[in-house]
Every structure is written in structure tokens, then in C-alpha cells.
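To start, the structure under review is shown below, and the notes come after it.
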Amino acid sequence: MMATLSPFLDALRPPAFHRTWNKREPAKVVAKRAADLPDMTALPIRALMPDLPQTIWSEDALLGPTNLDEVRRQAQAKAQALDWSKIEAGRMVNLIANPHGLQLCGEAYVTMLEVIAEHVRETRGAKVRLRIAESMGHIENPDWVKIYRLEERFGDVEECPQMGAGTKVDTKLGDMYVTKKLFDAPYFIHTHVTEMREGYLHRMLDRLMKPFGMAYARLESRSAYHFGFGPRTGQIVSRCIFESDYIQDRYVATMVLDTTSEGVVSVEADNDLKALDRRLAGGIMRNYGMAMKILGEIEDCVVVFDDHGCGVYCYAGGIAFDNMLCADVDFMDLDNLSLLAAERHDSADPGLTMGKNNAIKGIVINYMAGGVPQPFLWDNYPIHVVGDTVNRWMLNDPSNYHFDRAKAPVWSTLDDAVTAACRDGGTKNVIVFDRTPGAFRVSRALGEHLLSRAPKVREMVETVYLPKWLRQRGLAL
Amino acid sequence: MPKTVRMVAQIIAEKCTGCRLCEQVCPTVAIGMRPRREDEAGKGRNIAILAPEACYNAQACVEICPDDAIEMVELDTPFDVGFDLPPVDEDAVKALCRKAGYGRNMQICVCTDTKAGEIANAIIGGAHSPEAVSLATGARTGCVELCMQPILHLLACAGHGDAPRNPKNGFQWYGQSATLWQHVQPDGSLPDAIRNAFPEFPLDKEFGDMAKLKRRS
């Protein structure tokens with residue numbers, strides 16, 4: 001008699017915690033990872049979407065190859081195919097990286113950066129320095145420069161926070177501002193990863209340009225992105241800055257890691273960023289669509305944060321929690337104005353970006369970073385915290401002064417916190433955002449529920465959502 | 001809404017090189033410089049000095065410091081800021097918010113939950129620069145990514161768009177960043193040049209809703 005193969009990957013572990021830039025050591029504070037709660041399992045995204053493309057690099061061997069050979073080979077091939085002739089010998093090139101690439105793709109992202117730097121030095125005789133565009137929450141990020149030995153590997157490395165000195169850029173809409181140190185060389189190279197983060201903001205319009213309106217932009221223009229445009233047009237900031245003469249004079253090429261929930265599926269590059277964006281956009285929506293939409297099938301649950309992200313940027317199954325927060329909204333639908341209520345200029349109760357997902361019955365903070373305001377969590381959901389140290393970190397976060405409004409009980413153990421949250425919320429379902437790639441960390445019954453819903457959701461994504469998303473953007477797969 | 005300050009910065013004198021970066025980013029101008037005494041260890045002629053009562057736990061100084069010379073310390077006695085906004089003419093507050101295109105209760109600084117009406121109140125009450133607004137309300141002392149533009153815009157609408165920098169070479173803020181709003185014409189439409197510049201974006205739909213809102217205001 002054949003044994004029935006379980007779709008669950010119980011052996012899949014969450015990534016370890018790192019020491020943070022501001023010297024916090026969550027690994028010494030967090031006594032128990034949520035993965036070790038009773039009855040937890042890992043539901044592979046591939047079990048929900050069997051035709052997910054195969055990876056060339058994954059963080060965990062259970063998901064795919066972990067060696068970097070194919071990433072390096074593809075990056076080298078792409079580098080050879082790009083036109084670098086703009087770069088004159090002996091001059092300086094800023095190779096611009098972002099922390100999301102380091103967080104999600106780790107050594108694969110660093111390998112891509114190394115290939116670019118080596119190629120440009122060797123073929124153009126230019127000098128290359130690494131510039132990391134830092135965003136909100138930088139000081140609580142893992143210390144990526146040390147973790148990946150970036151100074152040793154790249155030499156001149158600098159993290160460039162968004163509040164650093166700026167440069168005014170003349171754009172089609174008027175003055176905008178970028179971080180000076182990212183563009184203070186005759187040339188720069190743009191790098192990215194294609195993961196689905198902040199889809200409610202970029203709406204998959206110019207997705208690969210987004211850092212020009214966010215991570216590369218100064219506070220003034222990042223703020224205008226949020227407050228000076230409508231719910232589907234903030235990305236015009238990214239387009240305006242990218243197309244400005246100042247940026248175009250310096251821009252050389254883009255190389256990205258194309259990703260799915262499981263890891264890297266290919267290295268892609270082009271001198272024409274807009275062409276690259278349109279080439280990849282359909283695949284991004286296809287590859288993440290299932291993971292995004294299945295979260296809308298959760299009827300009741302407790303969410304556990306157990307990751308380096310700042311609340312909405314904690315990850316599960318390769319996607320950020322913001323996808324779950326908006327899971328009852330089709331924010332990829334460009335006809336959907338639901339977010340207008342969140343950002344319209346005369347709203348008395350804007351909630352800034354997000355509404356409330358009524359399926360979330362409570363949130364447990366085992367660990368999360370600060371740095372990004374999350375009032376829509378503290379005001380809308382029962383919050384539970386594990387341990388006095390994590391509670392103190394939350395209360396002291398300059399971006400979450402509201403946290404005390406949550407009046408969160410502080411529990412001495414994770415088990416107690418989850419038990420209380422489930423009891424109060426009337427649910428037994430738990431989903432954990434612990435940055436495990438390729439799978440949702442869920443209580444087993446919730447995993448089985450999602451598995452049972454997967455065929456219907458898959459059909460909806462393939463026959464309804466994806467065709468609509470593509471049609472609205474004039475895209476094909 | 002007021003903010004409770006639970007931590008303040010502390011300068012580590014022997015690590016400080018007096019580079020002034022912390023002074024240039026502090027949103028409440030809580031940091032200045034003093035000469036390094038001969039008996040003090042460390043490099044540089046100057047050492048940063050903190051006015052703790054003006055430190056609102058923004059941590060911008062920690063982030064910008066290249067020498068790891070600033071750390072945040074918890075206060076035994078936290079203090080509140082932003083409670084005592086000056087009494088001003090309510091109609092003037094409404095008028096300034098209306099001119100800026102913001103509802104009075106619109107959340108401007110999400111980190112501190114400061115509303116447009118509170119910012120307007122502070123401006124009308126004498127806070128004529130972003131730093132003064134921050135000191136009065138507590139706003140702009142968190143991530144700053146969300147509130148910067150609306151605060152600059154409200155100041156400009158009140159006639160204070162040309163506030164001097166403090167310090168002179170500070171970069172706590174530059175100017176207002178361009179928005180779509182500023183291009184709305186009196187008839188509620190967008191110029192053709194802008195429409196034609198972004199054909200992939202749903203400007204017609206987007207702008208239709210925005211125009212309705214603007215007409216309402």
C-alpha cells in the first residue's frame with residue numbers, strides 16, 4: 001500500500017535572527033520561534049500552485065538549489081549582453097543596492113552585485129563603489145554590511161539613509177529630491193528584486209522603477225508619493241525622477257533578480273528599464289498572484305510576527321504582511337478605488353494606506369522591528385507581546401508612538417501569548433510571518449483549509465484576476 | 001495628538017569627531033557643537049552637545065552618525081510634547097487647512113498621529129519653520145517619510161515657504177516636492193502636457209475623483 005505524500009514541509013525552518021544595525025540581538029531575546037509552537041507546519045506555495053517556476057537559487061535546500069553557480073552564470077551572461085559603453089575608463093560608478101534584496105535573496109543578491117562590479121571594472125576600466133539605499137527602519141535592520149562582509153568584498157561601501165543630504169532634480173512635474181550620495185558619481189547602475197511588496201502602492205505600474213520614488217528619493221519626494229498623488233498614481237514620482245535629465249545623464253543599466261516565493265528564478269537585465277519592467281511585470285503578477293489571493297481565503301486567524309520586518313514588512317511564503325492586510329481588496333485591479341478612501345486629501349479618517357482585514361482576530365509580536373508607523377495595526381487589532389524586552393523596544397520606537405494605545409498584554413512566553421490571542425479572538429488558526437521562504441507557516445488545520453481552497457483560487461487567478469490585471473496594463477505573459 | 005518622549009540621545013564624546021551631521025539632520029534642532037577641551041579624548045576640535053529637553057527621540061542623529069558616537073538612553077521620567085498648542089482663531093485654522101487642501105482631521109504625521117489642524121494651529125500660533133512645528137507638535141520626529149511634504153505645504157500656504165535653515169547648512173528639509181495636485185487647473189482638469197506624459201497611468205479616473213474632492217473643498 002502506498003503512503004499518502006503529505007504536501008506539508010515540516011522540516012522547513014525560518015531564517016535565523018541577526019544582530020541589528022542598532023545593536024539589538026533578537027536571537028538572545030526571543031526564547032522560542034513560532035515555528036516551534038505545537039501543531040505548526042509549513043504549507044508550500046508550490047502545493048498551492050504546482051506550476052510555480054523552478055528556482056535557480058533558494059535560501060533553503062528543501063526548496064531548490066542553494067549554490068550560487070547558476071546565479072553567477074546568468075548574471076555574467078547578462079552583464080556581457082548589456083551596453084556599458086557609456087562608462088568611461090577611470091571614472092566612478094555607483095552600484096546601487098537596496099536592503100530588500102539583501103533580506104530576501106541574501107548571497108544571491110550579493111553575487112549579482114559582485115558580478116556587475118567585476119564586469120564593469122574589467123571591461124570599462126572604471127571604479128565601482130557600492131551604495132546601499134536605506135529606508136525607514138534602517139537602524140533596526142540587520143547589519144547587512146557586516147553580515148555579508150560587504151566592505152571586504154566591495155571595498156568602498158556606504159549605506160545612504162533617506163534623510164541624508166539631498167539633490168534637487170528637475171522633473172516633468174516640477175522639483176523632486178533624491179539622496180545625494182546615491183548619485184554623486186558620473187554613472188550609476190540600478191539593481192532590484194521583483195518580489196511583491198507594497199503592491200497597494202506601486203500597483204504594478206513601473207514596479208522596477210519604484211526605488212527612484214522611494215528608496216532613492218529624499219524624504220520630501222517620498223512624502224509627496226504618499227500625499228501628493230492618488231491611490232494609483234504615486235508611482236509617477238518614480239517615473240518622473242527616473243526620466244529626469246539628472247538621472248538619465250548618469251543611468252547606465254539595470255540588473256534584477258526575478259523571484260518567486262521560493263527564491264530566485266532568473267537574473268534579468270536591460271539598459272532600457274521601462275522595457276525590462278514591462279517584460280517582467282506579467283510574470284511577477286502571475287508568480288505572486290496565487291500567494292496573494294489565497295490569503296483572502298483565511299476566515300479567522302491570529303497573526304504572529306517573528307521576523308526582522310516592521311509589521312507590514314514581515315514576510316511569510318516570500319510575500320510581505322501587507323498582502324494579508326489588504327487580502328480582502330484586489331489592489332491590483334486598477335479600477336479599484338478602495339484605497340482612495342485611505343489617502344484622499346480630505347479624509348477625516350485616512351488610516352493612511354490600509355483598511356482592516358476582519359479575518360485577523362489578533363496579532364502576537366514575538367519579534368518585529370520598528371521604524372515604520374503601524375497605527376492601523378495598533379488601533380484595529382488586539383495586540384499581544386512576548387517578553388518585556390520586545391515590549392520596551394516597541395514602546396521606544398520613534399515611529400510607533402501609538403503603540404501604547406494598543407494596551408498590549410505582555411506575556412512571558414510565546415505559547416501563552418498565542419493561547420490568549422486565539423482564545424480572545426475565537427480562533428484556532430495561526431499564521432506566522434517569520435520570513436520562511438516558499439511556504440506559509442500555519443497551524444495544520446489552517447494549512448488544510450488553504451489547501452482545500454487552492455483549486456478554486458488558482459482558477460480565479462488564472463481566469464479572472466490575472467487576465468484583468470494584464471489587460472489593464474496592456475501586458476501579456 | 002501629543003507624543004510621549006521615552007528616550008533621548010546621548011553623545012559619546014570620545015567617539016564624536018564634531019562632523020556636524022547630527023546637527024544638520026535633527027528635526028528639533030536639539031544638537032549643537034562645543035569646543036573639545038584639551039583634557040578630552042577623541043578627534044576633532046568640536047564635540048556635539050545635546051539640549052535634552054529638545055530631543056524628541058527622533059533618532060535621526062543615530063542614523064546619520066558615521067562614528068557610532070550617539071546612543072539612545074531610556075528616560076526614568078518620560079515627558080510629553082505637543083499638549084500645549086497656543087490658542088488661536090479656529091476659523092484661521094480651518095482656512096489654512098482648506099487652502100492647503102487638507103481636512104483638519106487628516107493625519108499628517110502618522111508616527112505621532114498629528115493632524116493637519118494641529119499643524120495649522122502651531123503655524124498660526126507662531127511656528128514658522130519645520131523645526132518650530134516639530135518642537136510645538138512633536139510631528140516630524142519619527143520616520144519623516146510621510147509628513148514632510150504636507151508640513152512644508154502648510155507652511156508655504158501660510159506664507160512661510162521661505163523659512164531659513166537651522167543650522168544654515170542643515171538638510172532636515174529642502175523644498176516642497178512636486179505633486180499632481182499642484183497641476184490641477186481652475187476648471188478641475190489637468191494640462192494636456194501632463195496627461196500625455198504618463199499614458200500608462202489612469203490619470204483620467206484618478207483625477208476625476210481627485211477633482212471631485214477638490215471641488216468639494
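The values are calculated or read from the model by the stated rules, or taken from the named source; none is laboratory data. What you see is a predicted model; the values in this text were computed from it and never measured. Because the Cβ atoms are built from the backbone with ideal geometry, glycine has one as well, and the counts that use them run over all protein chains shown.
Below, the figures for the structure above:
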quantity	calculated
Looking only at segment B:56-87, and only at residues there that are within 11 Å of another protein chain (Cβ to nearest Cβ) and in a loop (DSSP other than H, G, I, E, B), the one that is nearest to the chain's Cα centre (by Cα)	B:ALA58
Test set (1) within 14 Å of another protein chain (Cβ to nearest Cβ); (2) closer than 16 Å to A:MET255 by Cβ - A:ILE116 fails condition number	(1)
Qualifying residue in segment B:141-148 (condition: at the interface with chain A (Cβ under 9 Å from one of its Cβ atoms) and either in contact with an Asp or Glu (Cβ under 6 Å, 6 or more places away or on another chain) or farther than 17 Å from B:TYR56 by Cα (or both))	yes
Residues located in segment B:88-122, provided they are surrounded by 15 or more Cβ atoms within 10 Å (Cβ to Cβ), assigned to a loop (DSSP other than H, G, I, E, B) and more than 9 Å from chain A (Cβ to nearest Cβ)	B:VAL88
Number of the exception - B:VAL8 against (1) within 14 Å of chain A (Cβ to nearest Cβ); (2) aliphatic (A, V, I, L, M); (3) surrounded by fewer than 19 Cβ atoms within 10 Å (Cβ to Cβ)	(3)
Residue selected from segment A:20-72 under the condition modelled with pLDDT of 95 or more and β-branched (Val, Ile, Thr), by the criterion farthest from A:LEU257 (Cα to Cα)	A:VAL29
Only listed residue being at pLDDT 95 or above, within 13 Å of chain A (Cβ to nearest Cβ) and assigned to a loop (DSSP other than H, G, I, E, B), chosen from B:ALA156, B:ALA178	B:ALA178
Wholly within segment A:166-285, strands (runs of 3 or more DSSP E) carrying at least 3 residues that are under 20 Å from the mean Cα position of the chain (by Cα)	A:187-193, A:251-260, A:263-270
Given (1) of a type outside the set (D, E, K, R); (2) without any contact (Cβ under 8 Å) to a residue 60 or more places away in the chain; (3) surrounded by fewer than 24 Cβ atoms within 10 Å (Cβ to Cβ); (4) at the interface with chain A (Cβ under 7 Å from one of its Cβ atoms), index of the condition B:PHE171 fails	(2)
Residue within segment B:34-53 that is under 16 Å from the mean Cα position of the chain (by Cα), more than 10 Å from every other protein chain (Cβ to nearest Cβ), crowded, with 20+ Cβ neighbours inside 10 Å and at pLDDT 95 or above present	no
Residue check for A:ALA217: in contact (Cβ under 8 Å) with a residue 24 or more places away in the chain and within 13 Å of chain B (Cβ to nearest Cβ)	yes
Considering residues of segment B:21-31 that are touching a residue at least 40 places away in the same chain (Cβ under 8 Å) and either at negative phi or more than 13 Å from the chain's Cα centre (by Cα) (or both) only, the residue surrounded by the most Cβ atoms within 10 Å (Cβ to Cβ)	B:CYS26
Segment A:144-193, residues that are hydroxyl-bearing (Ser, Thr, Tyr), within 25 Å of A:ASN22 (Cβ to Cβ) and touching a Cys at 6+ places or on another chain (Cβ under 8 Å)	A:THR179
Residue in segment A:158-203 that is farthest from the other protein chains (Cβ to nearest Cβ), counting only those that are of a type in the set (A, V, I, L, M, F, W, C), in contact (Cβ under 8 Å) with a residue 24 or more places away in the chain and farther than 18 Å from A:MET255 by Cα	A:ALA185
Close pairs (6 angstrom Cβ cut-off, 6 or more residues apart or separate chains): at negative phi in segment B:193-209, surrounded by fewer than 18 Cβ atoms within 10 Å (Cβ to Cβ) and at pLDDT 80 or above anywhere	B:ILE194/B:HIS183; B:ALA197/A:LYS172; B:LEU203/B:ARG195
Scope segment A:445-477; condition surrounded by 12 or more Cβ atoms within 10 Å (Cβ to Cβ) and outside any helix (DSSP H, G or I); matching residues	A:LEU475
Qualifying residue in segment A:188-198 (condition: out of contact with any Pro (no Cβ under 6 Å at 6 or more places or on another chain) and more than 30 Å from A:ASP322 (Cα to Cα))	yes
Filtered residues of segment A:421-444 (kept if part of a helix (DSSP H, G or I) and more than 30 Å from A:GLN54 (Cβ to Cβ))	A:ALA421, A:CYS422, A:ARG423, A:ASP424, A:GLY425
Residues satisfying the stated conditions in segment A:422-434, i.e. crowded, with 23+ Cβ neighbours inside 10 Å and either without any contact (Cβ under 8 Å) to a residue 24 or more places away in the chain or of a type in the set (D, E, K, R) (or both)	A:ASP434
Qualifying residue in segment A:411-420 (condition: more than 14 Å from chain B (Cβ to nearest Cβ) and in a loop (DSSP other than H, G, I, E, B))	yes
Meets criteria (in a loop (DSSP other than H, G, I, E, B), on the phi < 0 side of the Ramachandran plot and surrounded by fewer than 24 Cβ atoms within 10 Å (Cβ to Cβ)) for B:LEU190	yes
Residue match in segment A:230-251 (condition: of a type outside the set (Lys, Arg), facing chain B (nearest Cβ under 8 Å) and free of Cβ contacts under 8 Å to residues at least 24 places away in the same chain)	yes
Selection count, segment B:11-33, where residues are assigned to a strand (DSSP E or B) and either of a type in the set (A, V, I, L, M, F, W, C) or within 14 Å of chain A (Cβ to nearest Cβ) (or both)	3
